[in-house]
Amino acid sequence: MAMAVGISTVTFIVLLGFLWWRGVMSRLWNESPSFWPLAGQFGLVWLYLTLGAVFIAAIFRCTPFFNAMSILGIMLGVTVLITVQSVMNGFAHEYEAVFIKTQGHLNIYGDGPIKNPGEVAQLPRSVPGVKLAEPVIYGKVILSSNNAWADPLVRSFDVSTPNAPRNPLADTLIAGSIDDLDDQHILLGRGLADHLGAHLGDRVEVYTLHMFDQLKKDTIPLPRELLVAGVFDTGFAMYDENTSVISLRLMRSLNDLTEEAGNIEVRLDNDDVGHLLDVKAALEKQLAPLNQKRAAAGDHVSLSVYTWQEMNQDQLQILFVEKSVMFYIMIVIVIVAAFCILCSLATSVVRKTREIGVLGALGARPTQVAAVFCLQGLVIGLVGALLGVALSLFLLHFRQPIVEAFVDQRLLLEFYKFYSFPVQYRAFDFVKIIGFTFVISTLAGVLPAWWAARLKPAECLRYE
């Protein structure tokens, strides 16, 4: 037994060493960094995983083989469940933060352009908890710089108002200042700036759809030249690669608009959902008489309030479904581990037949004999769950070097659009997973316990 465990441990360490070497070689081939820092990074991951293999070998040496296999199965199941759920929570949390940062908590939309948006923007500012309410316009433009082209979404807000410096993009700037944004400047996302090869102070040519409409009138419009006033990094690559920011007045000038706005963006002083719904209800009450007043004046654009969850409900629903599906898929691992517990306890009943007979002969009741095996299943589940929680927290803490050891970070950026691997811990997920593990581990011991309780002492001791 000890020799088999030793051989398995050595094989596992050799396999990890091979994967580590391949990872180092592939990263050196693709990125050509200095060898020793990269080797140290991957070597640290290898060291931790090797220590884990030694720890698992110690469990097998201190515990009967079948019980150790059951504990290992429960540990791996709990580890996978907590890891997957925490990562999915991290992605959902990052998406929610990006939605709020880029769209605001609430938005007032009309079924057409909002005329006299300043009047509408005054309503939210009188509601307690509202930090900022400003008219914005979204649109598409074509940008050109250094012989590179891009067609990002452009967001515009009024830089002349006192609230402009409080715009949340000011906290995401990695170059420049939002105070420099005016009718002659533009802000670029990090990925968009890299694509265009544009840096702080560079010139960017801007083309709009309105300019192409002028071509039909035999007019050749010239592109608008803007200077890069700053580069922002929201942490969400998809947004940074496809977004630019200009002033509201410039946006109106480029599209030949007057005082219209696309929507009124409302930001609150906190992200509490209950507070969000209270503010929405207050705004809806204020908009009802305003809609009637505007309709009487001949403006039939009806205004409505939408929360950030309502504007992004499809994406949030997809994330919820993905998390639920992953949970139900990964929970199969714990169920398989429960069958290991069942087999382990059934083997224990066969091996302990004489001891069961002695207990019965000494007066132990069948329920007491059954409780012994149910308790054994519970202990296996408890130990496996605790080890699984510890292992999952360890893996999640060192998730970035582990991911970078075996996966190119560019793939993470390309497919998931985040610069780092997000994680968020939720107590409910831990309680749900550990509770389910306790229940299924205890139930796995019921059948062997029932079998042991039905054994008669005389039959158990007949051949002893």
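With the condition kept exactly as written, say whether any residue in region 221-236 is on the phi < 0 side of the Ramachandran plot, open to solvent by less than 50 Å² (accessible area, probe 1.4 Å) and in a helix (DSSP H, G or I).
No: region 221-236 contains no residue that is on the phi < 0 side of the Ramachandran plot, open to solvent by less than 50 Å² (accessible area, probe 1.4 Å) and in a helix (DSSP H, G or I).
Kindly list, by first and then second residue, each pair from a residue in region 108-134 that is without any contact (Cβ under 8 Å) to a residue 12 or more places away in the chain to a residue that is surrounded by 13 or more Cβ atoms within 10 Å (Cβ to Cβ) and assigned to a strand (DSSP E or B), limited to pairs with Cβ atoms under 7 Å and residues at least 6 apart or on different chains.
As it stands, the answer is ARG125/ALA133, since those pairs meet every condition given.
Return the residues of region 198-216 that are open to solvent by less than 40 Å² (accessible area, probe 1.4 Å) and either in a helix (DSSP H, G or I) or acidic (Asp, Glu) (or both); say none if nothing qualifies.
Result: MET211, single match.
For region 183-197, enumerate the residues that are part of a loop (DSSP other than H, G, I, E, B) and under 14 Å from GLU225 (Cβ atoms).
Answer for region 183-197, where residues must be part of a loop (DSSP other than H, G, I, E, B) and under 14 Å from GLU225 (Cβ atoms): ASP183, GLN184.
Name the pairs: first residue in region 316-327 and under 14 Å from VAL87 (Cβ atoms), second residue at pLDDT below 85 and not small (Gly, Ala, Ser), Cβ to Cβ under 8 Å, at least 6 apart or on different chains?
Listed by first residue and then by second, the contacts come to LEU319/PHE91; LEU319/TYR95.
Considering region 64-118 alone, what residues qualify as being among the aromatic types (Phe, Trp, Tyr) and either part of a helix (DSSP H, G or I) or under 26 Å from MET326 (Cβ atoms) (or both)?
Within region 64-118, PHE65, PHE66, PHE91, TYR95, PHE99 meet the criteria.
For region 239-296, give me the residue count where each residue is on the phi > 0 side of the Ramachandran plot and either small (Gly, Ala, Ser) or open to solvent by less than 40 Å² (accessible area, probe 1.4 Å) (or both).
Residues in region 239-296 being on the phi > 0 side of the Ramachandran plot and either small (Gly, Ala, Ser) or open to solvent by less than 40 Å² (accessible area, probe 1.4 Å) (or both): 0 in total.
Can you name the residue in region 292-315 that is part of a helix (DSSP H, G or I) and modelled with pLDDT under 85 and is also farthest from the chain's Cα centre (by Cα) among such residues?
Selected residue: ALA296.
When you look at VAL98, is it more than 27 Å from LEU257 (Cβ to Cβ) and out of contact with any Asp or Glu (no Cβ under 6 Å at 6 or more places or on another chain), yes or no?
yes
Looking only at region 179-197, count how many residues are free of Cβ contacts under 8 Å to residues at least 40 places away in the same chain and surrounded by fewer than 19 Cβ atoms within 10 Å (Cβ to Cβ).
2
Would you please list the contacts, defined by Cβ atoms under 9 Å and residues six or more apart or on different chains, that run from a residue in region 297-315 that is open to solvent by 60 Å² or more (accessible area, probe 1.4 Å) to a residue that is assigned to a helix (DSSP H, G or I)?
HIS300/ARG294; TYR306/LYS280; GLN315/TYR95; GLN315/PHE99
Among the residues of region 441-463 satisfying the criterion of being of a type in the set (Gly, Ala, Ser) and either out of contact with any Phe, Trp or Tyr (no Cβ under 6 Å at 6 or more places or on another chain) or in a helix (DSSP H, G or I) (or both), which is modelled with the lowest pLDDT?
Out of the qualifying residues, it is ALA458.
Give me a count of the residues in region 103-144 that are of a type outside the set (A, V, I, L, M) and crowded, with 18+ Cβ neighbours inside 10 Å.
Qualifying residue count for the region: 9.
Within the set of pairs 6+ apart or on separate chains, which have a first residue in region 232-249 that is closer than 18 Å to ALA148 by Cβ, a second that is polar (S, T, N, Q), and C-beta atoms under 7 Å apart?
Here the result reads ASP240/THR234, each pair linking region 232-249 to a residue that is polar (S, T, N, Q).
Kindly check whether there is at least one residue in region 343-365 that is at pLDDT 80 or above and open to solvent by less than 70 Å² (accessible area, probe 1.4 Å).
No, region 343-365 contains no residue that is at pLDDT 80 or above and open to solvent by less than 70 Å² (accessible area, probe 1.4 Å).
Please enumerate the residues belonging to region 165-194 that are at pLDDT below 75 and touching a Leu at 6+ places or on another chain (Cβ under 8 Å).
If the condition is that a residue be at pLDDT below 75 and touching a Leu at 6+ places or on another chain (Cβ under 8 Å), then ARG166, ASN167, LEU169 are the ones that fit.
The values are calculated or read from the model by the stated rules, or taken from the named source; none is laboratory data. Please read these numbers as outputs of a predicted model, since none were measured by experiment. Note that each Cβ is placed from the backbone with ideal geometry, even for glycine, and that neighbours are counted across all protein chains shown. Keep in mind that these areas ignore ligands, DNA and RNA; they rest on the heavy atoms of the full protein, side chains included. Shrake-Rupley method; radii C 1.70, N 1.55, O 1.52, S 1.80 Å.
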